[in-house]
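Working notes, beginning with the structure itself.
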Amino acid sequence: QVQLVESGGGLVQAGGSLRLSCAASGLTFSTYPMAWFRQAPGKEREFVAGISWSPGNTYYADFVKGRFTISRDNAKDTVYLQMNSLKPEDTAVYSCAAYSGTTYSANYYNAGRYGYWGQGTQVTVSS
């Protein structure tokens with residue numbers, strides 16, 4: 001059974017930082033592109049950041065460029081999201097996902113292409 005478990009969420013003031021982690025098991029982690037999505041109450045799930053497996057190309061939503069950094073450690077089967085300069089509008093449940101489609105560079109933003117999802121971790125940014 002594939003399992004993705006997020007951690008690192010919490011409450012932080014605007015301008016602060018958090019580092020999210022996603023530990024994967026039950027799949028050959030190094031062969032799967034990975035991504036972070038988020039969903040705020042009453043809103044649709046949206047793509048935040050993605051990373052391929054080789055050589056590790058990264059992709060970001062415009063609203064997080066320059067503030068968030070996605071990375072992965074294949075030896076630890078873990079993907080990270082470093083979030084700096086947090087804003088109240090970043091408040092959401094953040095979930096990690098493993099990609100199961102093809103041509104990641106053209107489809108990284110599409111939640112429907114991800115076959116496995118974590119349970120999510122809450123990030124709350126106060127103003």
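Yes/no matrix, rows are residues, columns are (1) surrounded by fewer than 21 Cβ atoms within 10 Å (Cβ to Cβ); (2) of a type outside the set (Val, Ile, Thr); (3) farther than 19 Å from residue 4 by Cα:
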site: 77; (1), (2), (3): yes, yes, no
site: 81; (1), (2), (3): no, yes, no
site: 87; (1), (2), (3): yes, yes, yes
site: 91; (1), (2), (3): yes, no, yes
site: 97; (1), (2), (3): no, yes, no
site: 108; (1), (2), (3): no, yes, no
site: 113; (1), (2), (3): yes, yes, no
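Give the number of residues within the range 12-24 that are among the hydroxyl-bearing types (Ser, Thr, Tyr) and either open to solvent by 50 Å² or more (accessible area, probe 1.4 Å) or assigned to a loop (DSSP other than H, G, I, E, B) (or both). Full working, then the answer.
So the first thing to find is which residues in the range 12-24 are among the hydroxyl-bearing types (Ser, Thr, Tyr), and the list is 17, 21.
In the following step, the residues that additionally are either open to solvent by 50 Å² or more (accessible area, probe 1.4 Å) or assigned to a loop (DSSP other than H, G, I, E, B) (or both) were identified as 17.
Residues meeting the conditions: 1.
Would you pick out the residues in the range 93-122 that are among the aromatic types (Phe, Trp, Tyr) and at pLDDT 95 or above?
As a first pass, look at the range 93-122 and keep what is among the aromatic types (Phe, Trp, Tyr): 94, 99, 104, 108-109, 114, 116-117.
Matches in the range 93-122: 94, 99, 108, 109, 114, 116, 117.
Quick check on residue 44: is it of a type in the set (D, E, K, R), modelled with pLDDT of 95 or more and within 16 Å of residue 96 (Cβ to Cβ)? No, not satisfied.
Test residue 14 against the criterion of being in contact with a strand residue (DSSP E or B) (Cβ under 7 Å, 6 or more places away or on another chain), farther than 22 Å from residue 127 by Cα, in contact (Cβ under 8 Å) with a residue 40 or more places away in the chain and of a type in the set (A, V, I, L, M, F, W, C), and give yes or no. Break it down into steps so the answer makes sense when it comes.
On the way: in contact with a strand residue (DSSP E or B) (Cβ under 7 Å, 6 or more places away or on another chain): yes; farther than 22 Å from residue 127 by Cα: no; in contact (Cβ under 8 Å) with a residue 40 or more places away in the chain: yes; of a type in the set (A, V, I, L, M, F, W, C): yes.
Answer is no for this residue.
Give the range 43-60 a look and list any residue that's part of a loop (DSSP other than H, G, I, E, B) and either in contact (Cβ under 8 Å) with a residue 40 or more places away in the chain or within 16 Å of residue 120 (Cβ to Cβ) (or both), or say none.
Selection gives 43, 44, 45, 52, 57.
Evaluating residue 32 against the criteria (1) over 16 Å from residue 102 (Cα atoms); (2) touching a residue at least 24 places away in the same chain (Cβ under 8 Å); (3) open to solvent by 20 Å² or more (accessible area, probe 1.4 Å) leaves one unmet condition, (1).
Does residue 58 satisfy being buried (at least 16 other Cβ atoms within 10 Å of the Cβ) and of a type outside the set (A, V, I, L, M)?
Numbers: buried (at least 16 other Cβ atoms within 10 Å of the Cβ): no; of a type outside the set (A, V, I, L, M): yes.
So residue 58 does not fit the description; no.
The values are calculated or read from the model by the stated rules, or taken from the named source; none is laboratory data. Keep in mind that this is a model prediction, so the values were computed, not measured. Note that each Cβ is placed from the backbone with ideal geometry, even for glycine, and that neighbours are counted across all protein chains shown. Side chains are part of the model used for accessible areas, which takes the heavy atoms of the whole protein and leaves out ligands, DNA and RNA. Shrake-Rupley method; radii C 1.70, N 1.55, O 1.52, S 1.80 Å.
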